[in-house]
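Have a look at the structure below, then the notes.
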Amino acid sequence: MPKTFPALLLALLLCLAAVSCAGEKLPPLEGEPAELAEEFFQCLVKGNYSECTDYFSKKMKQAMSARKLEQVWNDLQGQVGSYVKVTDMREDHIDGYDVIFVTTEFEEDLINIRIVFDEDRRVAGLWFEPVH
């Protein structure tokens with residue numbers, strides 16, 4: 001695995017650490033978390049980064065702009081090759097959050113994408129992790 005992948009993961013986690021700042025909530029999204037995760041992921045794959053941020057909570061929008069999301073996605077593909085397909089998707093409920101785990105195949109590696117939804121069904125966390 002390329003040495004830059006941990007740096008990318010750390011940069012994303014630092015962005016998400018900034019989520020601790022307070023702010024008003026956006027209106028809840030309609031739909032089930034798995035459906036919303038699928039829609040969000042399709043926006044990401046198609047390069048519709050501004051549309052992706054429409055799924056974000058206010059705190060997440062403060063932590064990650066559409067431009068930053070594009071950079072993270074492009075950096076990831078620069079390290080593990082182009083996106084190929086989804087190989088698995090599963091849902092869990094952890095500490096009051098709905099979490100969707102999307103296992104994806106890229107040209108050179110498998111990556112788990114963890115999409116965390118808050119009580120308003122908005123994306124409150126996003127992680128890209130190598131499959132172990």
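The values are calculated or read from the model by the stated rules, or taken from the named source; none is laboratory data. If you're wondering where the values come from, they're calculated on a predicted model, not measured in any experiment. All Cβ positions, even for glycine, are placed from backbone atoms using ideal geometry, and neighbour counts span all protein chains on display.
Before moving on, here are some points about what is shown:
- Test for TYR55: is it in contact (Cβ under 8 Å) with a residue 60 or more places away in the chain and either farther than 28 Å from HIS132 by Cα or aromatic (Phe, Trp, Tyr) (or both): yes
- Taking the numbered list (1) touching a helix residue (DSSP H, G or I) at 6+ places or on another chain (Cβ under 9 Å); (2) part of a helix (DSSP H, G or I); (3) modelled with pLDDT of 95 or more; (4) farther than 21 Å from ASP118 by Cα in turn, LEU44 passes all entries but (4).
Each row is one residue, and each column tells you yes or no for (1) more than 14 Å from the chain's Cα centre (by Cα); (2) outside any strand (DSSP E or B); (3) closer than 16 Å to GLN77 by Cα.
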| site | (1), (2), (3) |
| --- | --- |
| ARG90 | yes, no, no |
| VAL99 | no, no, no |
| ILE111 | no, no, yes |
| ARG121 | no, yes, no |
| ALA124 | no, no, no |
| TRP127 | no, no, yes |
| HIS132 | yes, yes, no |
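- Restricting attention to region 63-108, the residues being among the basic types (Lys, Arg) and surrounded by 14 or more Cβ atoms within 10 Å (Cβ to Cβ) number 1.
- Every listed requirement among (1) modelled with pLDDT of 95 or more; (2) within 21 Å of LEU26 (Cβ to Cβ) is met by GLU108 save one, (2).
- Residues (surrounded by 15 or more Cβ atoms within 10 Å (Cβ to Cβ) and more than 18 Å from TYR49 (Cα to Cα)) located in region 109-126: ASP109, LEU110, ILE111, ASN112, ASP118, ARG121
- ASP75 being at pLDDT 95 or above and acidic (Asp, Glu): yes
- Whichever residue in region 53-67 is assigned to a helix (DSSP H, G or I) and in contact with a strand residue (DSSP E or B) (Cβ under 8 Å, 6 or more places away or on another chain) and, among such residues, is farthest from ILE100 (Cα to Cα): LYS59
- Every condition in (1) closer than 14 Å to PHE40 by Cβ; (2) not in a strand (DSSP E or B) holds for THR104 except the one numbered (2).
- Residue list for region 69-88, restricted to those being in a strand (DSSP E or B) and among the hydroxyl-bearing types (Ser, Thr, Tyr): TYR83, THR87
- Subset of region 107-128 [charged (D, E, K, R) and more than 15 Å from PHE41 (Cα to Cα)]: GLU107, GLU108, ASP109, ASP118, GLU119, ASP120
- Screening SER57 with (1) of a type in the set (Ser, Thr, Tyr); (2) closer than 13 Å to PHE41 by Cβ; (3) surrounded by 17 or more Cβ atoms within 10 Å (Cβ to Cβ) gives one miss only, at (2).
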